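Novice: Once you've had a glance at the structure underneath, I'll fire off some questions.
Here, each number is a calculation from the coordinates, and none is a lab measurement. In this text the structure is predicted, and so the values were computed from the model without any measurement. Counting neighbours? That spans all protein chains shown, and the Cβs are built from the backbone with ideal geometry, glycine included.
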Amino acid sequence: MKLIVAVVQDKDSHRLSNALVDEEYGATKLASTGGFLKAGNTTFLVGVEDEQVEDVLRLIQKNCETREQLVAPVSPMGGNADSYVPYPVEVQVGGATVFILSVEQFEQF
Ligand code: 2BA
């Protein structure tokens with residue numbers, strides 16, 4: 001058994017959630033925050049049998065878009081002003097950052 005941990009953009013989370021429910025996969029959604037952008041995103045936990053991993057990855061890929069996002073400049077506040085970029089910088093976010101972990105034991109009581 002595997003645990004799929006997928007960090008996706010909030011804009012895609014509803015669509016992905018519906019797709020997982022439609023295909024009868026159990027999933028948990030956690031509200032999370034990206035360390036770099038410090039903006040909200042959504043982390044899915046999906047426990048599946050090994051042979052279902054590819055299908056879930058397909059659903060994630062199909063329902064999560066790559067988007068450009070602007071990062072607002074943060075004032076150096078006493079730091080090194082040489083590296084300060086005074087204008088917003090565009091970064092590419094997503095579609096999804098996915099970790100696949102082996103599950104040692106799974107119980108439901
Ligand atoms: P954030 O940390 O807010 O990162 C958003 C996007 O900013 C990243 O998109 C990447 O394009 C860029 N970025 C991140 N760190 C950077 C840095 N040090 N310098 C320059 N640009 C940087 P994604 O790579 O698609 O990541 C989307 C979200 O997935 C991340 O949001 C974070 O919440 C999660 N994530 C990404 N890599 C991770 C990792 N290795 N471990 C845990 N979570 C991760």
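Novice: How tilted is helix 53-63 with respect to the longest principal axis of the chain? Cα atoms for both, answer in degrees (0 to 90, nearest 10).
Specialist: Helix 53-63 and the main axis of the chain meet at about 50 degrees.
Novice: May I pose another question? Grab the beta carbon distance between Leu101 and Glu68, set R0 = 30 Å, and tell me the FRET efficiency rounded to 0.05.
Specialist: Numbers: r = 30 Å, r/R0 = 1.00.
With a Förster radius of 30 Å, E is 0.50.
Novice: Can you tally the net charge around Ile100? Count Lys and Arg as +1, Asp and Glu as -1, for every other residue whose Cβ sits under 12 Å from the Cβ of Ile100. Present the calculation step by step, with values, prior to reporting the outcome.
Specialist: Numbers: positive: Lys2; negative: Asp50, Glu54.
Here the charged neighbours net out to -1.
Novice: Sticking with this structure for a sec: What is the chain's relative contact order, in percent, from Cα pairs under 8 angstrom and six or more apart in sequence?
Specialist: Numbers: 174 pairs, mean separation 40.6, N = 109.
After rounding, I find 37 percent.
Novice: Helix 10-22 versus the longest principal axis of the chain: what is the Cα-based angle in degrees, 0 to 90, to the nearest 10?
Specialist: Result, in degrees: 0.
Novice: Two decimals, Cα atoms only, Kirkwood Rh: what is Rg/Rh over the chain? Please list the in-between numbers first.
Specialist: Details: Rg = 17.4 Å, Rh = 15.7 Å.
Computed over Cα atoms, the ratio is 1.11.
Novice: Answer with one residue from Val103, Tyr87, Gly35: the one whose Cα lies farthest towards the positive end of the charge dipole of the chain, charges on Cβ with Lys, Arg +1 and Asp, Glu -1.
Specialist: Farthest towards the positive end: Tyr87.
Novice: Here's something else I'd like to know. So if R0 is 25 Å, what FRET efficiency would Lys29 and Val89 give, r being the distance between their Cβ atoms, rounded to the nearest 0.05? Spell out each step's value before the answer.
Specialist: On the way: r = 29 Å, r/R0 = 1.17.
It comes to 0.30.
Novice: Still on this structure, please answer the following. Return the calculated 222 nm mean residue ellipticity for the chain, to the nearest 500 deg cm²/dmol, obtained by summing -39500 (n - 2.57) across DSSP H runs with n ≥ 4 and dividing by the residue count. The partial results should precede the final answer.
Specialist: Values: 2 runs with 24 residues, N = 109.
Result for the chain: -7000 deg cm²/dmol, rounded to the nearest 500.
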